[in-house]
1. Give me the helices (runs of 4 or more DSSP H) completely within region 199-292, filtered to those with at least 2 residues that are touching a strand residue (DSSP E or B) at 6+ places or on another chain (Cβ under 6 Å) and either buried (at least 17 other Cβ atoms within 10 Å of the Cβ) or of a type in the set (Val, Ile, Thr) (or both), ordered by residue number.
2. Run down Thr150, Thr173, Thr167 and say which single residue is more than 17 Å from Glu3 (Cα to Cα), among the β-branched types (Val, Ile, Thr) and outside any helix (DSSP H, G or I).
3. Looking at region 26-38, which of the residues that are crowded, with 18+ Cβ neighbours inside 10 Å and touching a residue at least 60 places away in the same chain (Cβ under 8 Å) is farthest from Leu212 (Cα to Cα)?
4. Just the residues that are in contact with a helix residue (DSSP H, G or I) (Cβ under 6 Å, 6 or more places away or on another chain), outside any loop (DSSP other than H, G, I, E, B) and surrounded by 21 or more Cβ atoms within 10 Å (Cβ to Cβ), please, taken from region 178-191.
5. Answer yes if at least one residue in region 217-229 is over 18 Å from the mean Cα position of the chain (by Cα), among the charged types (D, E, K, R) and more than 19 Å from Gly48 (Cβ to Cβ), and no otherwise.
6. Residue under question is Phe29, and the condition is that it be modelled with pLDDT of 95 or more, in contact with a strand residue (DSSP E or B) (Cβ under 9 Å, 6 or more places away or on another chain) and aromatic (Phe, Trp, Tyr); does it hold?
7. Could you grab me the full set of residues in region 96-131 that are surrounded by fewer than 21 Cβ atoms within 10 Å (Cβ to Cβ) and among the hydroxyl-bearing types (Ser, Thr, Tyr)?
8. Looking only at residues that are closer than 18 Å to Gly263 by Cα and not in a helix (DSSP H, G or I) in region 20-43, which one is nearest to the chain's Cα centre (by Cα)?
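The values are calculated or read from the model by the stated rules, or taken from the named source; none is laboratory data. The shown structure was predicted, so the numbers you read here are calculated from the model rather than taken from an experiment. Neighbour counts run over all protein chains shown; Cβ positions are idealised from the backbone, glycine included.
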Amino acid sequence: MTEFKGVIPPVVTAFDSDRNLDLNRTAEFIRWQIGEGVHGIFVAGSTGEYTLLSDSELKDLIKAGVEAVGGDVPCLAGTGFHSTRKSIEMSQYAEKVGADGVTLAVPHYPLPTQEGLYQHYKMVAENVSIPILAYAWPGQHSGVNLDPETVVRLADEGIIAGMKDATKDIVHTTELIRLTKGKIAILEGFASQLLQTLVVGAAGAICTVANLIPAEVVSIYENFQKGNLEEAKEMQLKIIPLIEASGAHPYGTKEALKLMGKGVGPSPMPIIDDDLSEAVRANIKKELQKLGKL
C-alpha cells in the first residue's frame with residue numbers, strides 16, 4: 001500500500017481569463033512542486049477548488065493531475081461529496097486513471113450522524129481498491145467533524161489509510177494520533193502546526209502554504225526526521241507570518257503566486273479577486289519579500 005507522509009500540497013488549479021480549466025498550466029505547477037521536493041501531490045482538494053467544478057471538469061482535472069505527477073510521488077485525488085453515491089463514482093474514476101489514493105472530505109449537508117459518516121466511508125472503501133483518506137475541516141465543513149471514536153473505528157477496520165485533520169486544534173490532532181496507535185497516517189492540515197504535530201507522531205502535512213514555499217515546508221519535515229530540531233524550529237517560526245497573511249483559502253494563495261510570477265489565473269465563480277482587500281494584498285507581498293520570494 002502507498003505510504004502517505006511528508007509534505008503533500010493540496011495544489012491550486014489553474015484557470016484561464018474566462019475561468020475555464022487551464023490543465024497545461026496546472027500540470028506545469030505540479031511539476032514545479034515536485035521539483036521543489038514535496039513528498040506527494042493532492043489534486044482537486046479544497047485549495048484546488050474542486051467543489052466549484054462540473055463533474056466532467058473534475059474528471060479532467062484528476063486525470064491531468066495524475067498524468068502530471070507521472071508516478072514520481074504519490075498522487076491523491078479529492079473525491080469527497082455530500083452524496084455517497086457521487087463520492088463512489090468519482091473515487092472509482094480516480095482509481096481508473098491511476099490515482100494512488102483518494103481523499104474524502106466529510107459530507108456535511110444535510111447534517112449526517114457519526115454513524116452516517118462511518119457508513120459513508122465504509123461504502124466508498126467497499127467500491128474501490130486504492131487507499132482512502134478522510135478529511136475533516138470543521139471551519140469549512142459547517143462545523144461537522146469526525147469524532148475520535150469514529151476515526152478509531154474506521155482505522156481499526158482498515159477502512160481508511162489516513163486522515164487530514166484540519167481542526168486547527170492540536171489537542172484534537174494529538175488525541176487522534178494517540179488513539180489510532182499508528183494504524184493510519186494522521187496528516188496535519190495547517191503548516192503552522194507542522195512541527196508540533198510531528199513531535200507527537202503525525203505523518204506530515206497536507207497544507208495550503210506548501211503551494212507557495214514548498215521547499216521551506218519540506219525542510220521542516222526533513223530536518224525533524226534527521227533530528228535537526230533547531231533548524232526545523234527556526235523555519236517553522238519563520239513561515240508563520242506568511243501563513244497568516246495568505247490564509248487557508250485559494251484567493252490568498254493565488255494572489256501570492258501572482259506576485260511571485262507563478263500566476264494560475266482567477267478562481268471559478270463565486271470566488272472573486274475583490275474578496276482580498278488592498279491591506280491583505282500588501283501584507284502578503286511584505287511577507288513574501290521577507291522570505292526572499294520577490
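1. Counting at least 2 such residues, we get 214-226.
2. Of Thr150, Thr173, Thr167, the one residue that is more than 17 Å from Glu3 (Cα to Cα), among the β-branched types (Val, Ile, Thr) and outside any helix (DSSP H, G or I) is Thr167.
3. Thr26
4. Thr180, Ile186, Glu188, Ala191 - these are the residues of region 178-191 that are in contact with a helix residue (DSSP H, G or I) (Cβ under 6 Å, 6 or more places away or on another chain), outside any loop (DSSP other than H, G, I, E, B) and surrounded by 21 or more Cβ atoms within 10 Å (Cβ to Cβ).
5. yes
6. So Phe29 fails the test.
7. Result: Tyr109, Thr113, Tyr118, Ser129.
8. Val43
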